[in-house]
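Everything on this sheet refers to the single structure shown next.
The values are calculated or read from the model by the stated rules, or taken from the named source; none is laboratory data. Small disclaimer: the values here were computed from a predicted structure and weren't measured. Neighbour counts run over all protein chains shown; Cβ positions are idealised from the backbone, glycine included. What goes into the accessible areas is simple: the full protein's heavy atoms, side chains included, and nothing from ligands, DNA or RNA. Shrake-Rupley method; radii C 1.70, N 1.55, O 1.52, S 1.80 Å.
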Amino acid sequence: MSGGWNTIESDAGVFTYLLDNLGVKDVQFEELLSLDPDALAQLHPVYGVIFLFKFPTDTPYHAGDKPLDGTFDQDAAERLFFAAQTIQNACGTQALLSVLLNKTPDSSSSTDEDTIDIGPALAEFRDFTMALPPEYRGEALSNSELIRDVHNSFAKSSPFVDETQRQPDEGDDAFHFVAYSAVDGTLYELDGLQPAPISHGACRRDDFPARVMDVLQRRIARYDTSEIRFNLLAMVRDLRVQARELGDLELLAREERKRRDWQFENALRRHNFVGFAGEVLKGVVAAKLKEGDGAYDKWIDQGKQSMLKRREERKKGAGGGGGEDVEMAG
């Protein structure tokens with residue numbers, strides 16, 4: 001059950017402005033296009049990563065009392081912010097919070113560079129939930145109106161489907177978000193569908209890029225080689241802060257442009273354009289009819305031919321490993 005939580009896209013602009021709207025200061029997300037540790041290290045400081053993957057429905061998600069990789073750390077479930085996932089569509093925001101709420105000044109992170117100003121609303125939420133066991137933290141998260149409303153404000157608009165009521169078809173692929181972060185000198189995998197945080201061993205802050213990429217490579221290797229639907233987002237310090245500190249005006253301008261682009265894209269997500277498209281189509285049809293001499297019928301025939309051509313091209317390209325957008329949301 002979605003419990004009133006809509007799906008959101010795994011997109012750096014969506015997650016960055018989700019942070020902003022929750023009151024978090026000087027933090028953003030960057031999408032990583034490879035598993036090269038150097039690409040992640042260049043974004044220093046890195047607070048953690050969020051990984052999106054196809055949820056395995058035909059194989060066990062964990063092997064009894066131990067995960068497929070790493071070890072369960074039951075004690076860490078109490079001292080870290082770790083919440084059981086109780087709502088299906090909330091896993092993106094839950095993964096975000098799993099990194100964020102373990103990087104506060106009063107958490108176990110020890111240096112100023114490792115900590116994040118999460119703002120008063122999330123600080124109050126963290127203070128309240130840390131006294132609860134993981135399953136009740138998950139319930140508190142799913143029932144938080146503030147977090148749910150901010151999350152839902154980034155859902156894609158659909159004029160045809162009520163996403164809060166839609167039940168996935170049995171054949172639909174399911175996707176899931178998990179978080180990885182170094183806390184207390186240990187690399188943790190924080191996944192609300194698991195019974196506890198998963199420890200992947202000792203990890204200093206500077207070792208995080210190499211250690212987390214090694215874990216992700218092993219995870220991806222468990223899939224068929226034809227499966228390429230993965231996405232990786234890094235939670236890092238706002239790059240505009242670094243640009244101002246270095247006096248790098250070119251970087252600052254580039255980052256400001258990126259923010260404006262993200263704002264525009266997020267605004268588009270909140271609206272559907274069916275009415276607008278309908279009015280444009282009616283105007284084009286009226287213009288073709290006004291031309292006379294069979295202009296309308298010729299236009300329809302051209303459209304049919306173009307559609308058949310695209311269909312044939314799509315058939316030829318089938319099995320090529322991409323080309324079509326996939327709804328990847330957990």
Pop a pseudo-label 7 angstrom from the Cα along the beta-carbon direction at both residue 210 and residue 79 and give the gap in nm to one decimal. 2.6 nm
14 Å Cα-Cα reach of residue 288 towards aspartates and glutamates, excluding residues that sit fewer than 8 places from it in its own chain: 297, 301
Kindly flag which residue pairs out of 25/258; 282/309; 25/54 have an alpha-carbon separation exceeding 21 Å in this structure. 282/309; 25/54
Rounded, prolate or oblate: which fits region 170-220 when a ≥ b ≥ c are the square roots of the eigenvalues of the alpha-carbon gyration tensor, with rounded for a/c under 1.5 and prolate only if a/b beats b/c? prolate
Give the separation of the Cα centroids, region 178-255 to region 110-155, in Å. 20 Å
What does the extension gain come out to for residue 287 and residue 264, with contour length at 0.36 nm per residue minus their alpha carbon separation? 5.1 nm
Compute the signed sum of charges (Lys and Arg +1, Asp and Glu -1) over the other residues within less than 13 Å, Cβ to Cβ, of residue 68. 0
Return the distance in nm (one decimal) between the two label points of a simple spin-label model at residue 65 and residue 311, each offset 7 Å from Cα along Cα→Cβ. 5.8 nm
Zone reached by a paramagnetic label modelled 7 Å from residue 140 Cα along Cα→Cβ, restricted to region 116-131 with backbone N below 13 Å, covers 122-131
Probe radius 1.4 Å, ligands and nucleic acids ignored: give me the carbon and sulfur share of the accessible area of region 204-299 as a rounded percent. 55 percent
Qualifying aspartates and glutamates (Cα of each under 20 Å from Cα of residue 316; at least 8 residues distant if same chain): 227, 324, 325
Count charges around residue 306 for me, please; just the other residues with Cβ under 12 Å from its Cβ, Lys/Arg as +1, Asp/Glu as -1. +1
Sorted by average packing, counted as other Cβ atoms within 10 angstrom per residue and highest first, what order do 294-301, 192-199, 127-134, 13-20 take? 13-20, 192-199, 127-134, 294-301
